[in-house]
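The structure under discussion appears below in the form of structure tokens.
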Amino acid sequence: MIAAVASLTLLGAVLGILLGVANRVLRVEGNPIVDELVEMMPGTNCGQCGFPGCEGAANAIIDGSAPATCCPPGGKALAAEIAAKLGLSVDLSAMGDVGPRIAEVAEEICIGCCRCSKVCPTDAIIGAAKQIHNVMRDACTGCEACVEKCPTEALSMRPLPVTLQHWVMPKPVAA
């Protein structure tokens with residue numbers, strides 16, 4: 001029994017060291033610009049851009065197969081940041097920017113089917129089957145994935161309500 005435990009411990013230690021060495025020797029360096037773009041994006045991996053996650057969208061933007069305006073939750077601000085980072089020229093006039101929005105549940109219509117909570121990438125929708133659902137404001141990123149799945153149209157996108165945690169001093173208007 002002691003021999004078996006000792007041999008398995010020794011085998012585990014040797015294989016662990018080999019894996020650590022292989023990790024350092026065989027490491028594949030990624031594109032640092034892709035990593036910077038992924039950090040700039042909302043990070044919800046909602047798929048509204050048509051790519052599998054924010055990293056897929058960042059790769060497509062760098063390859064040139066997607067415009068800098070492909071991220072709807074990021075809006076104009078993100079598109080301008082990406083264009084400035086990559087030195088691209090972007091026409092932001094066609095892009096609508098309604099500001100930050102979050103999902104809101106109309107409690108009188110919600111039937112508790114749980115379809116919305118299954119597609120939410122950030123688990124911002126709470127509720128149980130056949131119970132009224134609710135949206136946690138701090139977790140909702142405004143990706144609108146839940147709105148499409150709701151069969152009763154109980155979910156809608158509303159502007160982010162102004163609270164003490166979200167209030168920002170308005171910019172002065174130039175006269």
If I ask for residues that are at negative phi and surrounded by 15 or more Cβ atoms within 10 Å (Cβ to Cβ), which ones from region 112-125 would you list?
Cys113, Arg115, Cys116, Ser117, Val119, Cys120, Pro121, Thr122, Ala124, Ile125
Residues that are of a type in the set (Ser, Thr, Tyr), under 23 Å from the mean Cα position of the chain (by Cα) and surrounded by fewer than 18 Cβ atoms within 10 Å (Cβ to Cβ): does region 133-145 have at least one?
no
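Listed here are the residues, each with its yes/no results for (1) closer than 30 Å to Asn31 by Cα; (2) of a type outside the set (A, V, I, L, M, F, W, C); (3) in contact with a Cys (Cβ under 9 Å, 6 or more places away or on another chain).
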residue: Ala83; (1), (2), (3): yes, no, no
residue: Leu92; (1), (2), (3): yes, no, no
residue: Glu107; (1), (2), (3): no, yes, no
residue: Ile125; (1), (2), (3): no, no, yes
residue: Ile132; (1), (2), (3): no, no, yes
residue: Val147; (1), (2), (3): no, no, yes
residue: Glu153; (1), (2), (3): no, yes, no
From the list Lys85, Lys76, which residue is within 25 Å of Met136 (Cα to Cα) and more than 16 Å from the chain's Cα centre (by Cα)?
Lys76
Mind listing just one residue for me: the one in region 87-110 that is at pLDDT 90 or above and surrounded by 15 or more Cβ atoms within 10 Å (Cβ to Cβ) and, of those, farthest from Asp123 (Cα to Cα)?
Cys110
Show the residue pairs meeting these rules: Cβ distance below 8 Å; 6+ apart or different chains; first residue within region 33-44 and of a type in the set (Ser, Thr, Tyr); second residue not in a helix (DSSP H, G or I).
Thr44/Pro73; Thr44/Pro121; Thr44/Thr122; Thr44/Thr141; Thr44/Cys143
Report, ordered by the first and then the second residue, all pairs with beta carbons closer than 6 Å, sequence separation of six or more or different chains, a first member in region 66-90 that is within 11 Å of Met40 (Cα to Cα), and a second member that is outside any helix (DSSP H, G or I) and of a type in the set (Gly, Ala, Ser).
Ala79/Ala68; Ile82/Ala68
Filter region 1-33 down to the residues that are outside any helix (DSSP H, G or I) and either of a type in the set (S, T, N, Q) or over 30 Å from Ala60 (Cβ atoms) (or both) and list them by number.
Met1, Asn31
Helices (runs of 4 or more DSSP H) contained in region 75-174 and holding at least 1 residues assigned by TED's automatic domain parsing to the domain that holds Cys54:
75-86
How many residues does region 35-60 contain that are part of a helix (DSSP H, G or I) and either surrounded by fewer than 16 Cβ atoms within 10 Å (Cβ to Cβ) or of a type in the set (Lys, Arg) (or both)?
3
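The values are calculated or read from the model by the stated rules, or taken from the named source; none is laboratory data. Note that the structure is predicted; figures quoted are calculated from it, not measured. Cβ: placed from backbone, ideal geometry, glycine included. Neighbour counts: every protein chain shown.
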